[in-house]
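First comes the structure, then the notes that go with it.
The values are calculated or read from the model by the stated rules, or taken from the named source; none is laboratory data. All figures in this text were calculated on a predicted structure; none of them were measured in a lab. Cβ sites come from the backbone with ideal geometry, for glycine too, and all protein chains shown count toward neighbours.
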Amino acid sequence: MTGWLSGKRARVEGDSSTIETALASQGATLVSEGDYDIWIHVVEPSAVKPAHELTHTEWRESLHSGLDARFLGAKNFADQCRARGEGGAILYVSAPEQALGADHAAAAGALGNLTKTLGVEWARDGIRVNSILTYHNDETLGNLTAYLVSDYAAYVTGAVMGVGLDD
């Protein structure tokens, strides 16, 4: 089955050629500006540092990139969807909560709750919000991403999914 995303415009913020390849192979048009139907935010894992060695600046940067920037980007995307009178799909991709230290755990834990809250709150506007937590950047991640932002997953919102966490 191909073409799940035909006619959809997707913006991937962050670096994931695997996700971009999967979206394009399912028919999505990748865009870097303008209107889009799908917003995917990928955060690359940061260096692991013990909590007692973190500076306040490092702590704030982790919270900014792992939570604040994601909320503000989602809010902006949702405002655009509402202005167009159309729904959309938001997907957050990052490492699991416990993977990278206290700063990452705080941001990822809050992101899980944010995903669930926005998923419920914005469902009435046709805007779905989901998260994938994984160490992997492989074909499985790309395919799950394409599925979650497609119309086949129209009733999936507020879900936080782990992929390959036992590796």
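For Ile132, the requirement of being farther than 14 Å from Val42 by Cα, buried (at least 21 other Cβ atoms within 10 Å of the Cβ) and either touching a residue at least 40 places away in the same chain (Cβ under 8 Å) or among the basic types (Lys, Arg) (or both) is not met. Among the residues of region 23-65, those that are over 28 Å from Arg9 (Cβ atoms), not in a loop (DSSP other than H, G, I, E, B) and not small (Gly, Ala, Ser) comprise His52, Glu53, His56, Thr57, Glu58, Trp59, Arg60, Glu61, Leu63. If the condition is being of a type outside the set (S, T, N, Q) and either under 14 Å from Ala24 (Cα atoms) or within 15 Å of the chain's Cα centre (by Cα) (or both), then region 136-152 contributes His136, Glu139, Leu141, Gly142, Leu144, Ala146, Tyr147, Leu148, Val149. Report, by residue number, each residue of region 117-153 that is assigned to a loop (DSSP other than H, G, I, E, B) and at pLDDT 95 or above. Residues satisfying the conditions are Trp122, Gly126, Val149, Ser150. Listed by first and then second residue, the pairs linking a residue in region 83-112 that is within 9 Å of Gly66 (Cβ to Cβ) to a residue that is of a type in the set (Ser, Thr, Tyr) and at pLDDT below 95, with Cβ atoms under 6 Å apart and 6 or more places separating them unless they lie on different chains, are Asp103/Ser62; His104/Ser62; Ala107/Ser62.
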